[in-house]
Amino acid sequence: MLKISNYKMLSNLECPTGNFNLITGGNQSGCTTTLQALMLLCLGANPLVVQSVGLPKDHGVDYRTSFKIPNLFHNNNFKKPITVNLDGQNLQIKSVTPHSYEVKLNENRVVYDLKMPFPEEKEITHIPLGRVFGVEQNPSELSYYLNYLFQNNGEVDDDFLIMLNSIVTLHHYADSGKPLHCMQMGLSATRVVQIAVEVLRAKNGILLIDDIEMGLDSTTLSKLLKMLFFASKKYNIQIFATSHNPTAIMSEIDGSQFALVGVNLKNLIYNIT
């Protein structure tokens, strides 16, 4: 069961969840917002995470001077806390001042003040998390993704690798010592490789994929969905994916596998078995 309240445009969302959950809707309908709420739950809502979900995509923005805590709350109503609950894992964010907030994650509590120095530390993962928002275009990151797959073959199920290789012929992109740019792989192959690595990061946790069909033709999308269904069960991963074109997804899957479980604003939320 997923429950989200008072977060950005989501005043109150509640729906059952399954292994694969598809959130559909138009632009500005709350699809990505739902994934962001889950990311806050997994990463504990520390300032590094809050900055990434609370500010425009401007790498030059300094969250200490530009970000205001009430922006996270539905209609800026910070008198009510934000709550995100997934299958018993519970996050609560309460505004203390316009520049500080309290986080309760299950039984743990911490207060962050954005005016105080915050150490440059990595995000702390409370629930194993994989996430794909957009397409990676950093050459060094792409090389990292590919090397990760090549170097961790022993940890990857053979069937998963076979499915992946049916979509992207990995040996064509073996590291030659030079960073690969996304244009050398193409949008489709780049996105599939990203998703594959994030699957491995999400073992026994949660995988978030925004706009799952982006850049993929119908054949690639069909193969990717089969790979994700397999990975979800093999690696015990709960997948949450958004789509602005659910027809593309439904055309690749037997309609009997879809169960409409939730409606929120302009969103339809499906579990796929």
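Heads up, I need the accessible area for residue 201: 1.4 angstrom probe, whole protein in place, Å², nearest 10.
90
Set the bar at 19 Å for Cα to Cα. Now go through 8/80; 3/233; 8/203; 8/115 and name every pair that lies beyond it. Don't jump to the answer; show the numbers that get you there.
On the way: 8/80 12 Å; 3/233 23 Å; 8/203 29 Å; 8/115 23 Å.
Pairs exceeding the cut-off: 3/233; 8/203; 8/115.
Which value, in Å² and to the nearest 10, is the accessible area of residue 237 when all protein chains are kept and the probe is 1.4 Å?
Solvent-accessible area, nearest 10 Å²: 0 Å².
At 1.4 Å probe size, put 2, 187 in order of accessible surface, largest to smallest.
187, 2
The values are calculated or read from the model by the stated rules, or taken from the named source; none is laboratory data. Computed from a predicted model, the values in this text were never measured in an experiment. What goes into the accessible areas is simple: the full protein's heavy atoms, side chains included, and nothing from ligands, DNA or RNA. Shrake-Rupley method; radii C 1.70, N 1.55, O 1.52, S 1.80 Å.
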